[in-house]
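This report refers to the structure that appears directly beneath it.
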Amino acid sequence: MTASGVRPVDAARPEALYDVQGTRRIEQRAQESLPPHALMSRSGFSVARLARALAPHARVIWVACGPGNNGGDGLVAAAHLHRWSQQLGTSVQVVVTHWTGNPADDRRLPADAHLALEGAREAGVAFASQPPASFDLAIDALFGIGALRTLEGEIAEWLGALRDTSSPVLCVDVPSGLDADTGALHGSAVTGVGSARGLRHTLSLLTLKPGLFTAQGRDSAGRVWLDELGVAPSAEVPVRAWLAGHPMPAGGTAARSHASHKGSFGDVLVLGGQGIGVDGAGMTGAAVLAARAALHAGAGRIFVGLLHAPGEVELTWDPVSPELMFRRPERLLERDVLRQGCVVCGCGGGRSVAGVLPQVLSGATRLVLDADALNAIAADAGLWPLLRQRQARGWTTVITPHPLEAARLLGSDTHSVMADRIGAAQKLADEFRVWCVLKGSGTVLAAPGELPWINPTGNAALATAGTGDVLAGILGAALARPGEGSGALRSVAAAIFQHGWLADHWPPGSTLTAGGLAASVQPLA
């Protein structure tokens, strides 16, 4: 059961995301065209309906209300829940804690919130100074998309209780303390936040916000629902980003033309692997994982060039995937070879990668740069012009940094990157004229002149060695196909989606490993 007008956000379809400024413009236009208090009435009713759908047997519901219109939405919801309980003759106890900053002066509330408070009192809703000792459902209506603030005292205690509870929590619009634009948590709201113990839901009102789907937003928001409240977004209000929903093929396998052949799906050249890393150890497995992933993603041929150090035993074949063709790196670095497919560079290779990057950057027409290649570029500004010039030549470059690698490229730190993942990804894309895949919770895909995409799939099971190499290989297969052209960016988004989708559908009780993930990759559509 779902509430009328409310729908769950489905990872199988793209969704427009609006920032706070855009949402405010949509809200203002709606208020100008609707009767007074109508928008809050719709919001509160929607919250109440979804609350009842999520917890139909709840006997105690705690509604935590703050001093603004988000709190007003909660008060309207509380009034509805209380009335429905009375009408149905059920013993549902609705307990409201209302924090205004100055309990003696309700007149400081916004007009709609003040009217909602009066309505809740007239309905007979029970108000309390502290949350109930136990409850079956909590509604977080403390703070919405307004200015973030440092929380202390009573309001911080309430938020802590909402974070720590094992009971379901329904957040109104956004979880309190979450930056709706970036997904970052601020001030004392960070305390206790990680992956909350209980089920979490967020009913986003009017629009979907980017911060719900990246950084700490996914843990904080849980399952996201949307109610546009009968208000259609105006074409004059710009979309901030897209949620990169993508349907997986029925049966899990993309259909291919009978007349196709291995040349139809292109070549992937993997350069990396055995070279000595900063810790003195080789990374052969990284290149092999990328190659295996490209194989299973449907690339026609996969060549592997291992950048081995002097004295190392040279790997010449992979017994798990004998289809992989190993070549000496110098053979793959020949200009005509570099241009015959997509090059994946930096999955292992250590310091040896820096020596081949000038040739790769100036010769490969389609290129995925990962890990050691990114660190080498960050450490050598002399490579930056070669990287930037690729776009002007009509060549495609994808970089796949995790937050620390992104920070190195930006000359920044991971805290700054995580404070605005969308902004950091866009800055990297614009600075180096590349497509940036900023990995992490809610992976961000940014490209010059394009709206960012946020990937809705994936989970913490991917936090294990080698899964990033698998992603690089899938991306290589996505770019390898001849004639991809203008659809290449969507192919990259689809590859990122599948990488996370596989983790989301991993067999319960089975540990996800990079090798298993590579073997589970499905041919790209």
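The values are calculated or read from the model by the stated rules, or taken from the named source; none is laboratory data. Quick caveat: nothing in here was measured; it's all calculated off a predicted structure. With ideal geometry, Cβ positions are generated from the backbone for all residues, glycine too; neighbour counts draw on all protein chains shown. Surface accessibility is based on the protein's heavy atoms, side chains included, excluding ligands, DNA and RNA. Shrake-Rupley method; radii C 1.70, N 1.55, O 1.52, S 1.80 Å.
Based on this model, can you work out whether Gly487 counts as modelled with pLDDT under 95, in a helix (DSSP H, G or I) and not charged (D, E, K, R)? Quick ask: steps written out before the conclusion?
Numbers: modelled with pLDDT under 95: yes; in a helix (DSSP H, G or I): yes; not charged (D, E, K, R): yes.
Here the answer is yes, as Gly487 does meet what is asked.
When the stretch 1-43 is filtered for residues that are of a type in the set (A, V, I, L, M, F, W, C) and in a loop (DSSP other than H, G, I, E, B), the ones remaining, listed by number, are Met1, Ala3, Val6, Val9, Ala11, Ala12, Leu34.
Among the numbered conditions (1) over 20 Å from Leu243 (Cβ atoms); (2) open to solvent by 50 Å² or more (accessible area, probe 1.4 Å), the only one that Pro401 does not meet is (2).
Please enumerate the residues belonging to the stretch 370-391 that are hydrophobic (A, V, I, L, M, F, W, C), farther than 12 Å from Phe432 by Cα and open to solvent by less than 10 Å² (accessible area, probe 1.4 Å). Full working, then the answer.
Applying the first criterion (hydrophobic (A, V, I, L, M, F, W, C)) to the stretch 370-391 yields 371, 373-374, 376-379, 381, 383-384, 386-387.
Retained after the next criterion (residues that are farther than 12 Å from Phe432 by Cα): 371, 373, 376, 379.
Listed by number, the list holds a single entry, Ala373.
Does the stretch 460-468 include one or more residues that are in a helix (DSSP H, G or I) and either surrounded by fewer than 16 Cβ atoms within 10 Å (Cβ to Cβ) or touching a residue at least 60 places away in the same chain (Cβ under 8 Å) (or both)? Yes, because at least one residue in the stretch 460-468 is in a helix (DSSP H, G or I) and either surrounded by fewer than 16 Cβ atoms within 10 Å (Cβ to Cβ) or touching a residue at least 60 places away in the same chain (Cβ under 8 Å) (or both).
If we only count helices (runs of 4 or more DSSP H) wholly inside the stretch 324-384, which ones have 2 or more residues that are hydrophobic (A, V, I, L, M, F, W, C) and in contact with a Lys or Arg (Cβ under 8 Å, 6 or more places away or on another chain)?
Working: elements: 329-332, 335-338, 352-363, 371-379.
The helices (runs of 4 or more DSSP H) meeting that bar are 371-379.
Within the stretch 295-311, if we keep just the residues that are closer than 14 Å to Gly272 by Cβ and of a type outside the set (A, V, I, L, M), the residue that is farthest from the chain's Cα centre (by Cα) turns out to be His308.
Can you confirm whether Val239 is at pLDDT 75 or above, more than 29 Å from Ala425 (Cα to Cα), of a type outside the set (Ser, Thr, Tyr) and surrounded by fewer than 21 Cβ atoms within 10 Å (Cβ to Cβ)?
Working: at pLDDT 75 or above: yes; more than 29 Å from Ala425 (Cα to Cα): no; of a type outside the set (Ser, Thr, Tyr): yes; surrounded by fewer than 21 Cβ atoms within 10 Å (Cβ to Cβ): yes.
Criteria not met by Val239.
Pairs meeting the criteria (first residue in the stretch 378-402 and farther than 18 Å from Ala447 by Cα, second residue open to solvent by 60 Å² or more (accessible area, probe 1.4 Å), beta carbons under 6 Å, at least 6 apart or on different chains) are Ala378/Arg408.
For the stretch 9-43, filtering for residues that are hydroxyl-bearing (Ser, Thr, Tyr) and open to solvent by less than 40 Å² (accessible area, probe 1.4 Å) leaves 3.
Residues in the stretch 77-100 that are of a type in the set (S, T, N, Q) and touching a residue at least 40 places away in the same chain (Cβ under 8 Å): Thr97 only. Scanning the stretch 141-163 for residues that are in contact with a Cys (Cβ under 9 Å, 6 or more places away or on another chain) and part of a helix (DSSP H, G or I) yields one hit, Leu162. Determine whether Ser46 is of a type in the set (S, T, N, Q), open to solvent by 30 Å² or more (accessible area, probe 1.4 Å), modelled with pLDDT of 95 or more and not in a loop (DSSP other than H, G, I, E, B). No, not satisfied.
Only one residue in Asp140, Asp173, Asp136 is open to solvent by 50 Å² or more (accessible area, probe 1.4 Å), in contact (Cβ under 8 Å) with a residue 60 or more places away in the chain and in contact with a strand residue (DSSP E or B) (Cβ under 6 Å, 6 or more places away or on another chain). Which one?
Working: Asp140 fails: open to solvent by 50 Å² or more (accessible area, probe 1.4 Å); Asp173 fails: open to solvent by 50 Å² or more (accessible area, probe 1.4 Å).
When all the criteria are applied, what remains is Asp136.
Of everything in the stretch 404-444 that is without any contact (Cβ under 8 Å) to a residue 24 or more places away in the chain and touching a strand residue (DSSP E or B) at 6+ places or on another chain (Cβ under 7 Å), the residue that is surrounded by the most Cβ atoms within 10 Å (Cβ to Cβ) is Ala424.
Considering only residues that are of a type in the set (A, V, I, L, M, F, W, C) and not in a strand (DSSP E or B), look in the stretch 49-74 and name the one that is surrounded by the fewest Cβ atoms within 10 Å (Cβ to Cβ).
Here the residue is Ala53.
Leu226 meets each of the listed conditions (1) of a type in the set (A, V, I, L, M); (2) outside any strand (DSSP E or B); (3) modelled with pLDDT of 95 or more apart from (2). Per the conditions (1) open to solvent by less than 10 Å² (accessible area, probe 1.4 Å); (2) assigned to a loop (DSSP other than H, G, I, E, B); (3) under 20 Å from Leu524 (Cβ atoms); (4) not basic (Lys, Arg), the sole criterion not satisfied by Leu471 is (2).
Summed over the stretch 494-525, residues that are assigned to a loop (DSSP other than H, G, I, E, B), touching a Leu at 6+ places or on another chain (Cβ under 6 Å) and either open to solvent by 60 Å² or more (accessible area, probe 1.4 Å) or closer than 20 Å to Leu438 by Cα (or both) total 0. Applying the condition of being more than 22 Å from the chain's Cα centre (by Cα) and in contact (Cβ under 8 Å) with a residue 24 or more places away in the chain to the stretch 480-493 and asking which residue is nearest to Cys436 (Cα to Cα) yields Ala480. Checked against (1) small (Gly, Ala, Ser); (2) open to solvent by less than 30 Å² (accessible area, probe 1.4 Å); (3) under 28 Å from Gln31 (Cβ atoms), Gly160 passes all but a single condition, namely (3).
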